[in-house]
Amino acid sequence: MKTDPNTEPNKTVFLQTVSVALAQLKQQLQHDYEQAYPDLREIIQLVLDEEESNAWNLTLFPHLLLPDLVEAHVANLNLRSVETKHANVFAPNHSDQPAFALCG
């Protein structure tokens, strides 16, 4: 199967963008879980790393799965779920304007 050489730069930019978003999300999740479980810092880091790997194995959009995978893993450890603040990591909207525009 041949790939179009013109799409390779776009693929690279996409993967870099996803990687940055995922790193920011992991950082926020780690902060949130460490606030709830300060004595479990190393375990939280291990859970995040393991679930990041699992998310990458499942999709090219791991940032969409990571919070749920981490939450399920934490539940398997018999720990309670933590209120996370990751919703605004990807596309914070600092204005009252809609995030889309209608073409007319």
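Some values worked out for this structure:
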quantity	calculated
Set 55, 36, 21: member being over 14 Å from the mean Cα position of the chain (by Cα) and either open to solvent by less than 80 Å² (accessible area, probe 1.4 Å) or modelled with pLDDT of 90 or more (or both)	36
Close pairs from region 61-74: first of a type in the set (A, V, I, L, M, F, W, C), partner outside any helix (DSSP H, G or I) and surrounded by fewer than 19 Cβ atoms within 10 Å (Cβ to Cβ), Cβ under 9 Å, at least 6 apart	65/59; 66/86; 70/84; 74/37; 74/80; 74/81; 74/82
Residue 82 open to solvent by less than 60 Å² (accessible area, probe 1.4 Å) and part of a helix (DSSP H, G or I)	no
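The values are calculated or read from the model by the stated rules, or taken from the named source; none is laboratory data. Keep in mind the model is a prediction, meaning the values are calculated, not measured. Backbone-built Cβ (ideal geometry, glycine too); neighbour counts: all protein chains shown. Accessible surface areas use protein heavy atoms only, side chains included; no ligands, DNA or RNA. Shrake-Rupley method; radii C 1.70, N 1.55, O 1.52, S 1.80 Å.
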